[in-house]
Amino acid sequence: MGVETTNPEYDKFASKWKRCRDAAEGQDAIHEAGELYLPRLKDQDWDDYSAYKTRAGFFNATWRTIAGLQGMLFRKPPVVTVPASVEPLLDSVSEDAQPLQIFALEAVEECLTVGRAGILVDYPVVAEEGVTQADAILRNLRPTLSLYETESIVNWKKETITSQEVLTRVVLKEDRTVVDPDDEFSEKIEPIYRVLDLVSGVYRVRLFVLSSADGEQFVQEGEDLFPKMNNQPLDFIPFYFLGVDDAEACPDDPPLIDLVDLNLSHYRTNADYEHGCHFTGLPTGWITGHTMEQGEKIYLGSQNMLVFPSPDTKVGFLEFSGAGLKCLSDNLERKERQMAILGARMLESQKKAAEATDTAMLHRAGEASLLASMAQSISISMQKALQVFSDWAGGSGEVNFELNRDFFPTTMDSAQLMALVQSWQYGAISKETLFENLKQAEIVSDNKTFEDQEVEIANAAPTLASGMGLTGQA
């Protein structure tokens with residue numbers, strides 16, 4: 001068993017991940033997969049199958065749902081707290097200089113698509129001892145966050161150490177570009193494997209590449225690396241799993257797998273419907289009572305006239321009649337309604353009939369429960385990664401990361417607003433409570449503090465309320 005060996009749980013979920021990836025990517029990926037999602041009809045040759053597949057449109061409810069749920073999670077920016085010295089680093093947390101919010105956005109998209117991702121916190125390995133924080137700043141040494149797709153996390157292992165389950169190995173598959181030494185314009189992509197493990201309780205990193213001898217076996221490149229923090233080796237692997245329900249290494253079903261499978265079923269039904277429309281919608285002429293002479297051609301069109309000598313000759317067009325296509329059409333609509341229930345609420349705007357209020361509330365509550373669970377789980381893992389990032393950057397102080405959980409705008413009509421203000425005016429609630437309610441109703445900007453509001457009010461011109469003596473005292 002080589003370094004490329006995959007975990008049994010990886011093998012179990014790989015086909016589900018592929019379905020989710022292809023569905024989210026859209027029609028090109030679905031068509032490219034060919035018979036995996038759209039089997040050939042009986043005795044159908046490849047030319048006919050190609051036309052059959054081309055006519056089959058893929059209605060991408062999967063991606064629309066992912067984008068919609070992602071937008072709900074980032075309707076408000078994440079709450080992030082780090083030491084002041086670390087704040088400038090948040091504008092570029094990854095090797096490709098992504099700001100933290102974009103990094104978090106991609107992490108959430110991964111979890112919505114396939115249900116799992118991973119974050120590696122890394123720091124350049126320095127050969128010499130005694131490198132101070134000042135030296136690190138001078139040499140632009142800084143920690144980074146790397147996001148790994150679930151397909152890249154090929155193997156992992158946990159062990160119980162001092163009564164705690166600890167991650168002791170992670171194997172990550174990466175790609176690197178190799179330039180042909182004989183042609184500077186020729187490049188190819190080769191796989192490499194990054195192995196993170198604990199050796200006698202010490203964090204170690206190794207890289208494995210294809211052997212130059214046979215190009216088939218993976219061999220270690222370079223020496224073992226032992227990253228350090230504050231000139232001390234780490235006693236843990238700084239890799240954190242992101243999931244929908246938890247932060248465990250073992251994957252769970254993707255959150256939208258039921259929607260994905262129904263979306264693919266809708267695609268197959270649509271293929272049959274378009275196939276039927278193609279063959280029944282094109283007119284087919286017919287003639288009886290006339291014998292075609294050798295070389296005879298019959299032309300149709302307004303510029304031509306049909307003349308047949310036999311009085312028994314009849315001509316016409318075949319016209320489809322029956323309920324077959326109606327059944328397919330109804331089936332498409334039924335599956336679209338099912339997809340809406342499973343999460344694709346963006347489809348509902350295409351229906352003429354408005355959804356009942358109670359049903360809409362149930363749908364929104366279902367989405368909120370899914371997103372609330374995801375927001376909590378991802379926030380915990382992001383905060384752990386950010387804590388190590390901050391420690392490696394030499395920060396000292398509180399670290400916090402929390403995704404938005406206010407998914408729907410809170411509306412407040414004029415009567416509710418008036419009642420709230422009157423409650424404050426008569427001393428039933430404090431001014432701070434009034435301010436918090438106004439923020440929740442999004443009347444006041446979410447990033448504004450109570451102190452900011454007080455300064456603005458003090459600097460503003462006198463209001464009608466102040467002129468009437470409405471100062472908030474009973």
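Quick note: the coordinates plus some simple rules give every number you see, no bench work behind them. Every value quoted in this text rests on a predicted model; they were computed, and no experiment measured them. Because the Cβ atoms are built from the backbone with ideal geometry, glycine has one as well, and the counts that use them run over all protein chains shown.
Sequentially through region 155-166, phi angles give Karplus couplings (6.51, -1.76, 1.60; θ = phi - 60°) of 8, 7, 8, 10, 9, 8, 10, 6, 6, 10, 7, 10 Hz, Gly and Pro residues having no value and appearing as x. So if we plug the beta-carbon distance of GLU95 and VAL178 into 1/(1 + (r/R0)^6) with R0 = 25 Å, what FRET efficiency do we get, rounded to 0.05? That pair, GLU95 with VAL178, gives E of 0.85.
Model label sites at THR433 and ASN231, defined 7 Å from Cα along the beta-carbon direction, differ in position by 5.6 nm. Multiplying the residue separation of VAL315 and SER396 by 0.36 nm and removing their Cα-Cα distance gives an extension gain of 20.1 nm.
Given in Å, the Rg to one decimal and the Dmax to the nearest whole number for the Cα atoms of region 137-221 are 16.7, 56.
Test of understanding: what is the full-extension gain from GLN27 to SER329, defined as 0.36 nm times their sequence separation minus their Cα-Cα distance?
Numbers: separation 302, 0.36 × 302 = 108.72 nm, distance 2.01 nm.
Gain in length upon complete extension: 106.7 nm.
Of interest is the spacing of the C-alpha centroids, which for region 241-275 and region 87-119 amounts to 23 Å.
Extension gain for the segment MET292 to GLU248, taken as residue separation times 0.36 nm less the Cα-Cα distance, is 8.3 nm to one decimal. Loop-located trypsin sites (Lys or Arg not before Pro) across region 204-305 with a Cβ neighbour count of 11 or fewer within 10 Å are LYS297, with loop assigned by DSSP. Across region 141-197, the relative contact order, built from alpha-carbon pairs under 8 Å that are at least six residues apart, equals 27 percent.
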